[in-house]
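Below is one structure, written out as structure tokens; the observations come after it.
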Amino acid sequence: MKRGCLKGVICLVSFLVISGSVLANHTELVKQSIIKQSKELGVEPAIMLSIAKMESGFNQNIKSSSGHIGVFQLSGATAKNMGLDPYKLDDNVKGGIIYYKNMYSMFNSMELAVAAYNAGPDAIKRNNNNIPKYSQHFVNRIIKDYNHYKNMGI
């Protein structure tokens, strides 16, 4: 292998290692924000971590094709109604937690609140307070991750 090529490979590997480290640090920052704000707002951190993992993989910089933004994939309208900026991490986290908390208050069930988070409360009501088929996978994944986080002591 030529020296220039080897140097390029070393640079690429170094970049990937540094990038991975930055992403890991960002993910930890997001998780800590979720845990802190969940506790402050009286919601189990484990359920909020599970929703954030499923919605965005803890990525605040993600935007869906339908325009949903950040860690909790908030719509601009939902965030605006709460007086929050979905592009700001702390606002996005707060908005996601408040929205889940509202869904839980409406349905008094973790599973239905998660389904409402995914499909909207009207979909749950139209389905006679049952989880719509198209939300079952989402809910099952969230509950699986929730149990995992609970077993970890979160």
Legend entry - Ascending count of other beta-carbon atoms within 10 Å, so fewest first, for Arg126, Arg141: Arg126, Arg141
Legend entry - Hz values of 3J(HN,Hα) by residue in segment 116-130 - Karplus curve (6.51, -1.76, 1.60), Gly and Pro given as x: 5, 4, 7, 9, x, x, 5, 5, 5, 4, 4, 9, 6, 6, 10
Legend entry - Exposure proxy order (Cβ contacts within 10 Å, fewest to most) of Met82, Met103, Met48: Met82, Met103, Met48
Legend entry - Residues Asp145, Asp90, Asp122 arranged by fewest to most Cβ contacts within 10 Å: Asp122, Asp90, Asp145
Inset, instruction - Please state, to two decimals, what the Cα-based radius of gyration of segment 57-154 comes to when divided by 2.2 N^0.38 Å (N = residues). - result: 1.09
Legend entry - Amide H contacts of Leu74 (H built 1.01 Å from N, under 5 Å, at least 5 apart or other chain): Ile69
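All of the numbers you see were taken from the coordinates with simple rules; none came from a lab. Computed from a predicted model, the values in this text were never measured in an experiment. All Cβ positions, glycine included, derive from the backbone under ideal geometry; neighbour counts span all protein chains shown.
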